[in-house]
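Inspection log for the structure reproduced underneath, given as structure tokens.
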Amino acid sequence: HDLNYSSDVDLVAFFDAETVPIQRHEGKTDISNKVLKEMTKIITGKTPDKRIWRVDWRLRPDPSVTGLAMSTEAGLEFFAFKSAPWRRLAMMKARVVAGDVKAGSAFLERLSGFVWRRHLDFRALDEIAAMKERIKQEHPGLDGAIPGSAGLKHCNGFHIKLGDGGIREIEFAVNAQQLVWGHRWHDLRTSNTLDALSACASHGLFTE
């Protein structure tokens, strides 16, 4: 239900140490990771025709040193003290998709202070520009075929996702406005780019 095209599913997982149904002596992090690994095998499939979704876990905190899941308290500490500004963009789009919906919603509510800050953080805007520049460097000329991809990629030289005026650029423009004005106008606090675009127009940030 968003603008994106031919993308994987970005997942992050947290468990509430007080309510997760795992005995203390069993190791909550270890069992949570095992469950998530099995889930990933099921939905990614062994072959493309068995695949439900392509899953990407790299958005989780410290992916090089952590498992697939961490406690909500550890997650909140990471976002408050160790997180790079670009992660605000990722968590801006976060929504609960599985597991304990009540615990997940409570976690996102507690995280709202990290995403929607009262004061403008110019580092975040610099990070948006840097991310956009990295994409251009990774796709010079946008001529290379994407391995394993299918469907429309080019139309008369226009790359629908990564090119100038494409989906990614629209997202960056909208996300920047959300970061700047989301603390003031709550209708900008949405994970859906189309809804955010309409909200931006209603506040005069973009013309119709």
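The values are calculated or read from the model by the stated rules, or taken from the named source; none is laboratory data. All values reported here derive from a predicted model rather than from experimental measurement. Every residue, glycine as well, gets a Cβ built from its backbone with ideal geometry; the counts of neighbours run over all protein chains shown. Keep in mind that these areas ignore ligands, DNA and RNA; they rest on the heavy atoms of the full protein, side chains included. Shrake-Rupley method; radii C 1.70, N 1.55, O 1.52, S 1.80 Å.
Residue 203 accessible area, nearest 10 Å², 1.4 Å probe?
60 Å²
Given the protein chains as shown and a 1.4 Å probe, how many square angstrom of residue 96 are accessible, to the nearest 10?
50 Å²
For the chain, which whole-number percentage of the solvent-accessible area (1.4 Å probe, protein heavy atoms only) is attributable to carbon and sulfur atoms? Please report the intermediate quantities before stating the final value.
Working: 7230 of 13260 Å².
In the chain, the share of accessible area belonging to carbon and sulfur is 55 percent.
Once label points are set 7 Å from the Cα along Cα→Cβ at both residue 19 and residue 117, what is their separation, rounded to one decimal in nm?
In this crude label model, residue 19 to residue 117 measures out at 2.9 nm.
Would you please classify the overall shape of segment 55-103 from the alpha carbon gyration tensor, given that a ≥ b ≥ c denote the square roots of the eigenvalues, rounded means a/c under 1.5, and beyond that prolate means a/b larger than b/c while oblate covers the rest? Working shown, then result.
Numbers: a/c = 1.32, a/b = 1.26, b/c = 1.05.
Here segment 55-103 falls in the rounded category.
Is the C-alpha gyration tensor of the chain telling us rounded, prolate or oblate? Criteria: a/c under 1.5 is rounded; beyond that, a/b larger than b/c is prolate, otherwise oblate.
oblate
Probe radius 1.4 Å, ligands and nucleic acids left out: which of 53, 116 has the largest accessible area, and how do the rest follow?
On the way: 53 140, 116 35 Å².
Of 53, 116, the descending order of accessible area is 53, 116.
So which of 93/161; 50/93; 136/161 end up more than 20 Å apart, counting from Cα to Cα? Could the numbers behind the result be given before it?
Numbers: 93/161 18 Å; 50/93 27 Å; 136/161 12 Å.
Among 93/161; 50/93; 136/161, the Cα-Cα distance tops 20 Å for 50/93.
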